[in-house]
Amino acid sequence: MTINILDEIKRDYVRDLAMHGGRTDGRAMDAFRPISVEPGVITSAEGSARVKLGKSQVIAGIKLGVGSPFPDRPKEGVLSTNAEFLPLASPSFESGPPSELSIELARVVDRGIRSANAVDIASLLIDEDTEGKSKVWAVYIDLYVLDHDGNLQDAAGLAAMSAILNVQMPKYEDGKLTLEEKTGPLPSQATAVSCTFGKIGNAILVDPSYEEEVSLDARITMATIPGHICACQKTGMGSFKLEEIDSCMQIALKKGDELRALLKQ
């Protein structure tokens, strides 16, 4: 992903403002932009959702299939998460094979889901024959970035979780998969959401916008379930002090409750 020359020109202004406790959109340092969550936006998918976080917009779609488990996990289902940065989402996105940023986004979202058992892969075993060969459900989560204005991590994570909660399992009987018949929700043990923090100098801010992202020294994303941090991912050359990490954890837990409330609406 390339950075526009205008972003570089504005970088010093954004950094100076942040280090004096301000943000270009007037938000408090611990405030998210407006968020909307719309489940069930793709009728051809088993589960889907669209999330708008400020001007960032991500759609998540989930498809289910029947297949073989991984050899080292013979009785667990398969979970795969993929992210695609559509060129229409930002002038900095290019068509072609997955970029490092799209791979990173998919891994961050996947890590939060797995660590929380938001998809309970241990419950996705269908059957096992006399030779010990298993059939399991395979869950494919596809993330599509439609508009990029920063903090795709939280937008994509929220879209993925909403889509998971939106899934209706198709019927599988006598070796036949019937997509038109539904049997119930996708097994899940917890609802995971994430909160991303950016650091500029000594300033820590929640939900960095795009112009803030290109000005960051470091970024950290914390995935939470009620009362617990379940996953964490840091990027950037800068560092966070121990007391900053502790503060971020407390904010992430609080914001996590607020984000989960949006999924229930």
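The values are calculated or read from the model by the stated rules, or taken from the named source; none is laboratory data. Predicted, not measured: the structure shown is a model, and the values here were computed from it. No Cβ is skipped: glycine too gets one built from the backbone with ideal geometry, and neighbour counts run over all protein chains shown. For the accessible areas, the whole protein counts, side chains as well, though only heavy atoms, and no ligand, DNA or RNA atoms are used. Shrake-Rupley method; radii C 1.70, N 1.55, O 1.52, S 1.80 Å.
Cβ contacts < 9 Å: first residue at negative phi, restricted to segment 20-43; second residue aromatic (Phe, Trp, Tyr) and open to solvent by 50 Å² or more (accessible area, probe 1.4 Å), any location; separation 6+ or different chain. Result?
Within 9 Å, the pairs are Thr24/Tyr13.
Which is surrounded by 19 or more Cβ atoms within 10 Å (Cβ to Cβ), more than 16 Å from the chain's Cα centre (by Cα) and more than 24 Å from Glu104 (Cβ to Cβ), of Leu179, Leu186?
One residue alone meets the criteria, Leu186.
Report, by residue number, each residue of segment 126-143 that is open to solvent by 10 Å² or more (accessible area, probe 1.4 Å) and at pLDDT 95 or above.
Residues satisfying the conditions are Trp137, Tyr140, Asp142.
Of the conditions (1) in contact with an Asp or Glu (Cβ under 9 Å, 6 or more places away or on another chain); (2) open to solvent by less than 40 Å² (accessible area, probe 1.4 Å); (3) part of a helix (DSSP H, G or I), Ile251 fails just one. Which one is it?
With (1) in contact with an Asp or Glu (Cβ under 9 Å, 6 or more places away or on another chain); (2) open to solvent by less than 40 Å² (accessible area, probe 1.4 Å); (3) part of a helix (DSSP H, G or I) applied to Ile251, the lone miss is (2).
Given the structure, is Ile42 closer than 23 Å to Phe85 by Cβ, in contact with a Gly (Cβ under 7 Å, 6 or more places away or on another chain), assigned to a strand (DSSP E or B) and not small (Gly, Ala, Ser)?
Spelling it out, it is not the case that Ile42 is closer than 23 Å to Phe85 by Cβ, in contact with a Gly (Cβ under 7 Å, 6 or more places away or on another chain), assigned to a strand (DSSP E or B) and not small (Gly, Ala, Ser).
For segment 211-247, how many residues are under 18 Å from the mean Cα position of the chain (by Cα) and either surrounded by 19 or more Cβ atoms within 10 Å (Cβ to Cβ) or assigned to a strand (DSSP E or B) (or both)?
16
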